Amino acid sequence: MAGAELTVLREIDEAAKVHPTARVGEFCTIGPGVVIGPGTVLARRVTVTGRTTIGADNVIGDGSVLGAVPQDLKYGGGETWLIIGDGNRLGPNVTAHVGTEAGGHLTRLGNGNVLAAGVHVAHDCYLDDAARLGAGVLLAGHVRVETGAVIEELTGANDFTTFGQYSRVGSRTPLRRDVPPFTFFSSRGYFTAPPAVVGVNEEGLERAGLGEPEKDLVRRAVRHLFQDEQALQLKLREMLAGEALCEPVRALCEFCQATLAGQFGRRRETLRGTIPPEAKQYLPAEVLARIEGGRSE
Amino acid sequence: MPKISSKAVVANPSGLAEDVEVGPFSFLGPEVTVAAGTVIANNVTILGRTSIGAGCKLYPGCVVGSPPEGLAAEDAGVCLIDAGNVIREHVIVEAGGDANGAGTNVGKANMLMVGCHVGHDAALDSEGIFANFTRISHHCRIEQYVRTGGFTGMAAYATVGAYAFTTGYASIDRDVPPYAKVQGIPFRVRSVNVVRLQRCGFDAGTIAALKKAFRALFDGDAAFPAGEKLDSVQASSGDEHVTYLVESLRRSAASPSGLRLQSGPES
């Protein structure tokens with residue numbers, strides 16, 4: 001009985017590699033190019049399609065669709081991937097698309113991320129580890145979310161934005177530029193002023209495991225840099241040239257410098273039309289060789 | 001024969017053209033017709049008196065032709081989807097709210113990205129691109145070549161003019177003039193949507209004429225331009241697109257709410 005039910009209530013392609021300890025719920029559809037690791041649980045009505053690899057011990061909520069083709073009109077149907085690491089928790093109706101040829105062929109979620117209901121992860125996004133995305137968060141294409149970032153409900157990110165490590169973005173923020181690490185970024189007076197850094201993400205400092213003296217240095221650096229964003233470049237240069245900085249403060253300064261070196265307040269703008277370093281890091285070597293070979297021809 | 005998954009429920013397979021594909025766990029009601037070349041993925045629900053045109057793509061989890069909130073299925077109107085539309089994951093297109101009315105109409109080659117909503121009796125022209133979570137309310141009219149940013153919300157009966165662009169989170173509480181780029185809550189007209197016009201092959205003279213008209217008409221205020229301003233802009237430019245802009249604004253300004261469709265459909 002169990003065997004018959006398994007095949008009638010699920011559509012699992014014969015070519016899909018589903019680990020025997022993975023659990024696939026009713027009315028799930030799994031395409032031929034899919035790999036699902038041990039202990040991963042798919043709830044009901046989940047669709048996994050495209051060239052999608054899901055690691056171990058993930059939980060995917062009802063109605064989620066992973067690995068569908070990107071919404072980028074430049075996508076021409078090439079070989080592109082969605083790779084999901086281990087221990088992620090995805091709520092219901094989460095959507096994540098595979099990458100595009102122009103953007104680096106890869107969309108990636110790392111380990112231990114939490115994506116609440118209705119989150120959308122577009123093509124060529126890279127989430128590192130332990131990020132938390134609230135319900136209805138919308139990431140446009142080519143967005144990078146660094147480790148431990150928290151994005152609250154209904155925030156929408158412009159394409160090519162970067163969320164720094166252990167930063168936090170308030171709910172409903174129309175985000176157009178990079179969020180520096182360890183900061184709290186918010187829309188302030190709801191659309192009367194552009195969103196900006198409004199303080200330190202204290203919870204992030206805690207999660208990053210910083211000691212009390214380091215926390216204090218980060219707090220002072222954030223206040224110094226963002227209380228008044230005038231002459232940010234100058235302040236950064238002074239700080240980096242001055243006395244030895246502790247690691248988190250140096251990371252903050254270097255992040256801001258890279259952002260200033262980009263366009264429109266987005267460091268990743270410089271990566272338009274190139275294969276970004278993340279894709280080089282996470283794509284399988286033979287795939288990368290093939291892609292780079294195809295580009296140089 | 002259409003390629004229907006053995007795990008799909010298609011109440012009336014004769015309503016499907018020869019090469020239509022239907023994925024597993026999809027449900028197509030008894031009065032649904034689907035034209036040639038359309039691909040319906042898995043877990044798609046199509047209800048009511050809905051017809052889908054040729055070459056459309058429907059992605060997992062979308063619902064097309066569902067009766068509007070609170071209406072019994074038999075009282076709902078039609079839902080007409082024209083050719084070449086892309087309807088992405090979790091999109092909802094409602095059927096019409098009047099059993100004998102014109103119903104919900106989606107024109108040719110629109111793209112509705114993940115999570116969009118099209119309310120009952122809305123009318124979309126052609127070639128629109130609607131970013132994720134765009135909410136098109138009931139009785140809205142979207143003219144051709146419109147683009148919206150994510151989370152754009154529209155009031156019922158709103159008209160969005162041709163070639164307009166709404167930025168992310170824009171709140172459309174009154175009619176959007178054609179050719180405009182609008183932003184904010186509630187929205188303000190920011191500029192001419194030059195990029196779209198160039199891509200659609202408008203010549204430099206027309207774009208310059210529209211820019212001049214926009215400078216004369218919009219000052220960052222929410223109110224529609226006054227009648228005298230419209231008269232002088234119309235008198236000073238012979239361009240047909242400027243005339244269309246002025247006429248659209250005149251019709252919208254004539255309605256107390258700024259929603260020209262609220263007083264009934266245009267002739």
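Determine whether A:Val41 is among the β-branched types (Val, Ile, Thr), within 13 Å of chain B (Cβ to nearest Cβ) and over 17 Å from B:Ser5 (Cβ atoms).
So A:Val41 fails the test.
Report, by residue number, each residue of the stretch A:107-116 that is assigned to a loop (DSSP other than H, G, I, E, B) and either of a type in the set (Lys, Arg) or surrounded by fewer than 22 Cβ atoms within 10 Å (Cβ to Cβ) (or both).
A:Asn111, A:Gly112, A:Ala116
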Report task. Starting from residues that are under 10 Å from the mean Cα position of the chain (by Cα) and of a type in the set (Gly, Ala, Ser), keep the ones in the stretch B:126-145 and report whichever is nearest to the other protein chains (Cβ to nearest Cβ). Result -> B:Gly128
Query raised in the report: Which residues, taken from the stretch A:257-276, are under 23 Å from A:Leu106 (Cα atoms), in a loop (DSSP other than H, G, I, E, B) and not β-branched (Val, Ile, Thr)?
Result: A:Gly262, A:Arg272, A:Gly273, A:Pro276
Requested in this report: Kindly indicate whether A:Leu9 is without any contact (Cβ under 8 Å) to a residue 60 or more places away in the chain and either assigned by TED's automatic domain parsing to the domain that holds A:Ala131 or within 21 Å of B:Pro60 (Cβ to Cβ) (or both).
Outcome: yes
Requested in this report: Please tell me if B:Ala155 is buried (at least 21 other Cβ atoms within 10 Å of the Cβ), of a type in the set (Gly, Ala, Ser) and either within 14 Å of another protein chain (Cβ to nearest Cβ) or in contact (Cβ under 8 Å) with a residue 60 or more places away in the chain (or both).
Outcome: no
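Restricting to the stretch A:225-250, and then to whatever is surrounded by fewer than 13 Cβ atoms within 10 Å (Cβ to Cβ) and within 19 Å of A:Phe185 (Cβ to Cβ), can you tell me which residue is modelled with the lowest pLDDT?
Ranking the qualifying residues of the stretch A:225-250, first place goes to A:Glu229.
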**Report entry** Filter pass, A:Gly63 being within 14 Å of chain B (Cβ to nearest Cβ), modelled with pLDDT of 95 or more, surrounded by fewer than 24 Cβ atoms within 10 Å (Cβ to Cβ) and not in a strand (DSSP E or B)
**Finding:** yes
Report summary line: If we keep only residues of the stretch B:169-201 that are over 16 Å from the mean Cα position of the chain (by Cα) and part of a loop (DSSP other than H, G, I, E, B), then the residue farthest from A:Ser187 (Cα to Cα) is B:Gly201
Query raised in the report: Quick check: is even one residue across the stretch A:130-140 within 12 Å of another protein chain (Cβ to nearest Cβ), of a type outside the set (Asp, Glu), without any contact (Cβ under 8 Å) to a residue 24 or more places away in the chain and not in a loop (DSSP other than H, G, I, E, B)?
Result: yes
Report task. Name the single residue, out of those in the stretch B:18-42 being in a loop (DSSP other than H, G, I, E, B) and among the hydroxyl-bearing types (Ser, Thr, Tyr), that is farthest from A:Thr47 (Cα to Cα). Result -> B:Thr38
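Given the options B:Ala83, B:Ala41, B:Ala95, name the one that is buried (at least 24 other Cβ atoms within 10 Å of the Cβ) and touching a residue at least 40 places away in the same chain (Cβ under 8 Å).
Values: B:Ala83 fails: buried (at least 24 other Cβ atoms within 10 Å of the Cβ); B:Ala41 fails: touching a residue at least 40 places away in the same chain (Cβ under 8 Å).
Only one candidate qualifies: B:Ala95.
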Query raised in the report: Of everything in the stretch A:67-106 that's within 14 Å of chain B (Cβ to nearest Cβ) and under 18 Å from A:Pro277 (Cα atoms), which residue is surrounded by the most Cβ atoms within 10 Å (Cβ to Cβ)?
Result: A:Leu82
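If I go through the stretch B:47-67 residue by residue, how many of them are over 19 Å from the mean Cα position of the chain (by Cα) and more than 14 Å from chain A (Cβ to nearest Cβ)?
Matching residues across the stretch B:47-67 total 3.
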Query raised in the report: Which ones in the stretch A:246-256 are assigned to a helix (DSSP H, G or I) and over 21 Å from the mean Cα position of the chain (by Cα)?
Result: A:Glu247, A:Val249, A:Arg250, A:Cys253
Report summary line: In the set B:Gly96, B:Gly70, B:Gly115, the lone residue that is in a loop (DSSP other than H, G, I, E, B), away from every other protein chain (no Cβ under 11 Å) and at pLDDT 95 or above is B:Gly96
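Looking only at the stretch A:147-164, which residues are surrounded by 24 or more Cβ atoms within 10 Å (Cβ to Cβ) and touching a residue at least 60 places away in the same chain (Cβ under 8 Å)?
The answer is A:Gly148, A:Phe160, A:Thr161, A:Thr162, A:Gly164.
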Query raised in the report: In the stretch B:73-93, which residue that is assigned to a loop (DSSP other than H, G, I, E, B) and within 14 Å of chain A (Cβ to nearest Cβ) is nearest to A:Leu66 (Cα to Cα)?
Result: B:Glu89
**Report entry** Any hit, the stretch B:110-125, residues being of a type in the set (Asp, Glu) and over 10 Å from the mean Cα position of the chain (by Cα)
**Finding:** yes
Query raised in the report: Which of the residues spanning the stretch B:167-217 are touching a residue at least 60 places away in the same chain (Cβ under 8 Å) and away from chain A (no Cβ under 14 Å)?
Result: B:Arg174, B:Asp175, B:Pro177, B:Pro178, B:Tyr179
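The values are calculated or read from the model by the stated rules, or taken from the named source; none is laboratory data. If you're wondering where the values come from, they're calculated on a predicted model, not measured in any experiment. Ideal geometry is used to build each Cβ from the backbone, glycine not excepted, and the neighbour counts take in all protein chains shown.
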